[in-house]
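Read through the structure below, which is laid out as structure tokens, and then see the notes.
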Amino acid sequence: MTASTPYESYFHVFRDIIRSMHSSNNLQEVLDVAVTKSAAVLDAKGALLRIFNEETERFDVRAACGLGENYLSKGPVSTEKVLSDPSELHRVKIISDIWHAPRVEYPQEAWDEGIRMMVDVPLAIKDQMLGLIRIYLGQRRSFSGHELDFMLTLAEQCACVIERVQLMENQKENFNYLATRMDKMSSLGRMAAGIAHEINNPLAGILLYSSNMRKKVPSEGRLAEGLDIIIKETQRCKVIIQGLLDFSRDTEPKRVPANLNHIVESALGIVENEYHLQHVDIGLRLAKDMVNTLLDGNQIEQVVLNLLLNALHAVAEYGKVTVTTIVDHDAGAIRVEVVDNGCGISQEHQKRIFEPFFSTRPNGTGLGLAISYGIVQNHQGDIRVSSDPGKGTRFVIVLPIRTDAAAGKGLL
Ligand SMILES: Nc1ncnc2c1ncn2[C@@H]1O[C@H](COP(=O)(O)OP(=O)(O)OP(=O)(O)O)[C@@H](O)[C@H]1O
Ligand SMILES: [Mg+2]
């Protein structure tokens, strides 16, 4: 470094930025410090920090200092403008002629602000560009290699913090989403239980009287047709109500030692005919080393059955569904996976499929997965979904291997 290198100011800037990065989980605070300090250390008019927005694929302004409203109001810039050449990902770019630089989108506005030169410092991690700090200078000047090195080091630190804080913010968002969903599910469950109880008895009455009347009217004619419709629709209501009661009852599983392979085979036996009628192929791969575990066989069969029916509804004729059981000794768990090559589930719908009454099927009640979710939770297990719209869906049920007596008494 030359004698004129302002070590002390570099050191102070570096110290302030590192301090704010380590003491704050608030991304905005860190970004504000990064722009003000970068501008100060290069004795610049101002600085602006943009972060890549994955949804819009543009770079949004996230922090700025020393620039007027007119310039700032110009908003996000496109990716190509900021990063035309990937080899520049880890290089500082000096823009001496703002009128003829392709990456300067608003030269007139910049000129009006008194800007004569710009320096772009990429915020990059490996081969990914998270953002960019642009520093604006009121007059042209040259930069020493040390100054540029310093700016790059600073940017590297900023990029690491941005990545860390973004990860934390995502996790917080996920947590909040799950907490609200659980709250919503439990209030819906309570409401569903109340409504189901109230409706169940009148429905039984309607079904009884309409069935009796049906026996007394001539078997042909409009009256018989009307009664048939009443009976059919009331039966449909009863199925929905029963589903609601199952969902809200939250029954404690009656755990006995059971073999997941047998449960899967039994569920397959129930739907086999339906699959056959629709020419849907079933592939079955059962784990040879399957172990017995304590679980409520009926409840888990209901879950597998629901996944098999959902898969059947999702695939077109001649589709394919594969059911696999796996023993994961390391994780102390067994899994059943149901994979189909059907219509898939969009990202937006994936967030809602476990909500009661969410259904995209004309005759679906939307309770199948909500009930399955409750059952698996009561077994201290997990239900996971991954889907590629247009290609297919994979549901995985994970259940802990339990052999202890406490689990058998429902004390887990
Ligand atoms: N394998 C799958 N492929 C595509 N979409 C699926 C699949 N499994 C579930 N879904 C989506 O999730 C929704 C909710 O499923 P869920 O089993 O809870 O209700 P349903 O099948 O619509 O009705 P039912 O209560 O009769 O089961 C479905 O309507 C469908 O949109
Ligand atoms: Mg279903």
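The values are calculated or read from the model by the stated rules, or taken from the named source; none is laboratory data. Quantities reported herein were computed from a predicted structural model and do not represent experimental measurements. Note that we place each Cβ from the backbone using ideal geometry, even for glycine, and neighbour counts take in every protein chain shown.
Quick look at the values:
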read-out: Every pair of residues 6+ apart whose Cβ atoms lie under 6 Å, when the first sits in region 360-382 and is more than 17 Å from Arg394 (Cα to Cα) and assigned to a loop (DSSP other than H, G, I, E, B) while the second is within 11 Å of ligand 1 (Cβ to nearest atom) and modelled with pLDDT under 85; value: Thr365/Ile240; Thr365/Gly243; Gly366/Phe357; Leu367/Gly243; Leu367/Phe247; Leu367/Pro356
read-out: Test result for Tyr209, away from ligand 2 (no atom under 16 Å from the Cβ) and modelled with pLDDT of 90 or more; value: yes
read-out: Of the criteria (1) touching a residue at least 40 places away in the same chain (Cβ under 8 Å); (2) surrounded by fewer than 17 Cβ atoms within 10 Å (Cβ to Cβ); (3) more than 19 Å from Ser359 (Cα to Cα), which one Val239 fails; value: (3)
read-out: Any chance Gln350 is in the same structural domain as Leu312 (by TED's automatic domain parsing), surrounded by fewer than 16 Cβ atoms within 10 Å (Cβ to Cβ) and closer than 19 Å to Leu245 by Cα; value: no
read-out: Of all residues making up region 364-399, the number that are near ligand 1 (Cβ under 8 Å from one of its atoms) and among the aromatic types (Phe, Trp, Tyr); value: 1
read-out: Hey, Arg164 basic (Lys, Arg), out of contact with any helix residue (DSSP H, G or I) (no Cβ under 7 Å at 6 or more places or on another chain) and either crowded, with 22+ Cβ neighbours inside 10 Å or under 12 Å from Ile98 (Cβ atoms) (or both) or not; value: no
read-out: Region 344-359 residues that are charged (D, E, K, R), paired with ones that are within 9 Å of ligand 1 (Cβ to nearest atom) (beta carbon under 8 Å, 6 or more apart); value: Arg352/Phe358; Glu355/Gly366; Glu355/Ala370
read-out: Residue within region 399-406 that is assigned to a helix (DSSP H, G or I) and at pLDDT 90 or above present; value: no
read-out: Wholly enclosed helices (runs of 4 or more DSSP H) of region 238-352 bearing at least 1 residues within 16 Å of ligand 2 (Cβ to nearest atom) and touching a Lys or Arg at 6+ places or on another chain (Cβ under 9 Å); value: 297-314
